[in-house]
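Since the structure comes first, as structure tokens, the remarks are kept for the end.
FYI, it's all coordinate maths here, none of it is from the lab. Nothing here was measured: the structure is a model prediction, and the numbers come from that model. Backbone-built Cβ (ideal geometry, glycine too); neighbour counts: all protein chains shown.
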Amino acid sequence: MRFLLALFLLLSSASVFSQSKGALETPKNGTAISGKYMFSGWVCEAELVEVVIDGGSGLKAAYGTARGDTQSQCGDSDNGFGLLVNMANLGAGEHQAVVFADGQEVGRSTFTVTELSTGKFSRNLEALALEYNFPSFGREVWLNWVESTQNFMITREQNTPDPYDISGGWYSDIYDAGALISTARFYEDREEVWIMLAYSGGWELYSGYVNGTRAEVQTISPFGPNVSATVDFSDYTNGVITVNSCFSANGYICAFSAGAKISIRKIVGNNAGASTPVDGMLSTPKEGD
């Protein structure tokens, strides 16, 4: 009996010691992914590394790429594995991946897939998206749609012309005037700006551009005087309109003379009502959204 117990313990220990160390690093548990994506991680020693998705058949992963960061745990560095999958083929919703090394589980992850309405592999699409103040304040990245990856990829990083994201509703407490600012991007070095200023004496339309924390604008409406102005933004929610020049025209008299300053504060839009940017998710998608 003692011999059998010792043999059992020896075999059990051998099984434990022979089990290879490893980890499934991407996708991380609880993340959302889309497009063509690489399941990847590392395994110290294996003849076969497989990824099982949603309990299906094992998919063989490429194994043996250099991973210098695993040297201390494995004694060598040729331990990386990867498996490229078009996530749209899995279908939208929650999925689970489990990685096995020679039949032994080394990691698992639950993730959520988003599938475009255009199908499993979208073709002949073009799009550009801009992300302000990333990866740091005052910088921006350009995200272009790339068909081969079925995803948006960072194609440029540069100084952003609109670091305070000025579009939104602004208000002047002193003059009881409201300003609605709209923006659009057509050029690399500036953000186009349209301002509708409404006050007790009427309303005016301006157009111009912002670069950094200053906007240069002038009136474009025939219903009002000819005005040139500069808008300086001190932070996300505060700005000052300075009238550079004003000439009465079209039967309208200037409400503000040259040199007049109108303090405005943001009351509608990103970061409205806050003196500093507020991080956090604005809304949480719910099932069925």
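Treating each Cα of the chain as an identical point scatterer and ignoring solvent, apply the Debye formula and state log10 I(q)/I(0) at q = 0.09, 0.11 Å⁻¹. Here log10 of I(q) over I(0) equals -0.67, -0.83. The percentage of C-alpha pairs in region 143-261 whose separation is greater than 21 Å is 43%.
The residues neighbouring Leu24, those whose beta-carbon lies less than 14 Å from its own, together hold a net charge of +1 under the Lys/Arg +1, Asp/Glu -1 convention. For region 22-113, the Cα gyration tensor yields ellipsoid semi-axes of 23, 13, 11 Å (square root of five times each eigenvalue, largest first, whole Å). Fewest-first ordering of Val146, Val49, Val141 by other beta carbons within 10 Å of each residue's beta carbon gives Val146, Val141, Val49. Distance between the C-alpha centers of region 185-212 and region 90-145? Whole Å please. When both Cα centres are located, 36 Å separates them.
Distances between placed amide hydrogens fall under 5 Å for Ala62 paired with Gly82, all partners being 5 or more residues away or on another chain. Within the chain, the longest run free of exposed loop sites, counting GluC sites (Glu not before Pro) that sit outside DSSP helix and strand states (H, G, I, E, B) and have at most 14 other Cβ atoms within 10 Å, spans 189-286.
Each residue of region 140-148 was assigned a 3J(HN,Hα) from its phi angle through the Karplus expression (A = 6.51, B = -1.76, C = 1.60, θ = phi - 60°), giving 8, 10, 9, 10, 9, 6, 10, 4, 5 Hz with x at Gly and Pro. Each Cα pair under 8 Å and six or more residues apart adds its sequence gap; the mean of these over the residue count of the chain is a relative contact order of 10 percent. Listed by chain and number, the lysines whose C-alpha is less than 24 Å from the C-alpha of Lys36, apart from same-chain residues fewer than 8 away, are Lys28, Lys60, Lys120.
Residues Phe186, Phe111, ranked from the fewest to the most other C-beta atoms within 10 Å, line up as Phe186, Phe111.
Relative to the longest principal axis of the Cα atoms of the chain, the long axis of helix 2-18 makes an angle of roughly 40 degrees. Local charge for Leu83 was computed over the other residues whose Cβ lies under 15 Å away, with Lys and Arg +1 and Asp and Glu -1, and equals 0.
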